[in-house]
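> Got a structure here, written out as structure tokens. Questions coming.
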Amino acid sequence: MAAAEHGTGESQRRLLGGYQLLQTLIGIRLRAVEDPDSRRHLTWLSDVAAAMDLLSRRLTLDGPVDFVGYLEDVAAFWTRACEGRPVRVDVRGQAALLPDTHLLPLAIITHELIANACRHAFPSRGGSIAVAFSRAVGGVSLVVRDSGVGADAIEPGEGLALVQGLVEHLGGTMSIETAAGAGVGVRIRLPLDPSATAH
């Protein structure tokens, strides 16, 4: 048993190292790429690798994955990424067990929404991003809301399309609330088996 646990721990450490190496390789490529579309795609790939790395760190801990803890890790990550700009990321969460099938897609959804807010909501000023995760009737709710420029920050494209696609893949719904100068709020509801939300 001890040998098996050691092997699992070693595999997890190697996986974490792989995500970190991938981020490093993407960063090296970004330094040599000038084409805006190529830079956008590589930056997105780096964001996905970061989301997987942060979640994998939680997966290496004993017991159920603390998704609220993951959200706090993501908030810290983007606070560091926005260093030099007055952008605050706040998390308010309620513990809920998530099935393995939902963990990584929801991690990428959250990372993508915060990344969009950090990059587009505050073009000339600072602001705040609020992330709320809670149980909802028959499932869970995730809300990411910023205090930025509002409708002007929404750029139809790969970002929201990816989020919408992942939400639909999980059988959920997504709504966007915005107005010029009033920030953007994205509300996601995902259905879960009733036994999955018991803690």
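> How much length, in nm to one decimal, is gained on full extension between A95 and H41, taken as 0.36 nm per residue of separation minus their Cα-Cα distance? Numbers along the way, then the final one.
On the way: separation 54, 0.36 × 54 = 19.44 nm, distance 3.33 nm.
16.1 nm is the gain from fully extending A95 to H41.
> Remind me, relative contact order of region 57-173 in percent, using alpha carbon pairs under 8 angstrom and six or more residues apart? Mind showing how you got there, number by number?
Values: 135 pairs, mean separation 29.2, N = 117.
Value for region 57-173: 25 percent.
> Under the Karplus relation 6.51 cos²θ - 1.76 cosθ + 1.60, θ = phi - 60°, what is the ordered set of whole-Hz ³J(HN,Hα) values for region 165-172, x standing for Gly and Pro?
Going residue by residue, I get x, 5, 4, 5, 4, 8, x, x Hz, with x marking Gly and Pro.
> Please list, in order along region 175-191, the HN-Hα scalar couplings obtained from phi with the Karplus expression 6.51 cos²θ - 1.76 cosθ + 1.60 (θ = phi - 60°), rounded to whole Hz, x for Gly and Pro.
Working through the residues one at a time gives 10, 10, 10, 7, 7, 4, x, 10, x, 10, x, 10, 10, 10, 10, 10, x Hz.
> I would also like to ask the following. Tell me the label-point distance for the pair R31, S134, using the 7 Å Cα-to-Cβ offset, in nm and rounded to one decimal.
If labels sit at R31 and S134, their model points lie 4.6 nm apart.
> So what is the diffusion coefficient of region 66-112 in µm² per second by Stokes-Einstein at 37 °C and 0.692 mPa s, using a Kirkwood Rh over Cα pairs? Intermediate results must be reported in sequence, preceding the final value.
On the way: Rh = 11.6 Å.
Here the translational diffusion coefficient equals 283 µm²/s.
Since every read-out is calculated from the coordinates, none of them should be taken as a lab result. Source: prediction; values computed, not measured. When we count neighbours, we look across all protein chains shown, and the Cβ atoms used for this are built from the backbone with ideal geometry, even at glycine.
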